[in-house]
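A.B. asks: There's a structure below that I have some questions on.
The values are calculated or read from the model by the stated rules, or taken from the named source; none is laboratory data. Since the structure is predicted, the reported quantities are computational estimates derived from the model, not experimental observations. Backbone-built Cβ (ideal geometry, glycine too); neighbour counts: all protein chains shown.
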Amino acid sequence: MCTSTEAIAFMITYGFSAAVSTRVSNEVGDGNVDKAKNAVSVTLKLSVLVGVSFVLLLEFSNGLWAKLGGSTVVGLWPGMICSLACQACSLLVITVRTKWSRIVESMQEEKANYIA
């Protein structure tokens, strides 16, 4: 039961990760710093929204998911909520502190030095 729940949660986040990686790399390659930063910001907000809604859905279903799987673990949900909050805060700090203009300059320099 835990493995299937984990697989569902990771499928959603892997999809977001692939989509934002492609979008950010395309925008950085074109030199659009603001669009790349916006794409990361939107994906981070969407990931937090999906994570919180998933946790709330499981929490307010009155233990239905736990009853289907067997006995429950007391500290599992608070631990998952704390880890989700820590991950979101870490990604937010990384996004805010990233020097997007430096990344664009680096990409344009590599593009200029590219030999086909």
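A.B. asks: Just to be sure I understand the filter: pairs with C-beta atoms under 7 Å, separated by 6 or more residues or on different chains, first member in region 1-19 and closer than 17 Å to Lys45 by Cα, second member surrounded by 10 or more Cβ atoms within 10 Å (Cβ to Cβ) and modelled with pLDDT of 75 or more. Which pairs pass?
C.D. replies: If the second residue must be surrounded by 10 or more Cβ atoms within 10 Å (Cβ to Cβ) and modelled with pLDDT of 75 or more, the pairs left are Ala9/Phe54; Ile12/Val50; Thr13/Ser47; Phe16/Thr43; Phe16/Leu46; Phe16/Ser47.
A.B. asks: Got a sec? Which of Lys45, Lys37 is buried (at least 16 other Cβ atoms within 10 Å of the Cβ), part of a helix (DSSP H, G or I), at pLDDT 85 or above and out of contact with any Pro (no Cβ under 7 Å at 6 or more places or on another chain)?
C.D. replies: Lys37
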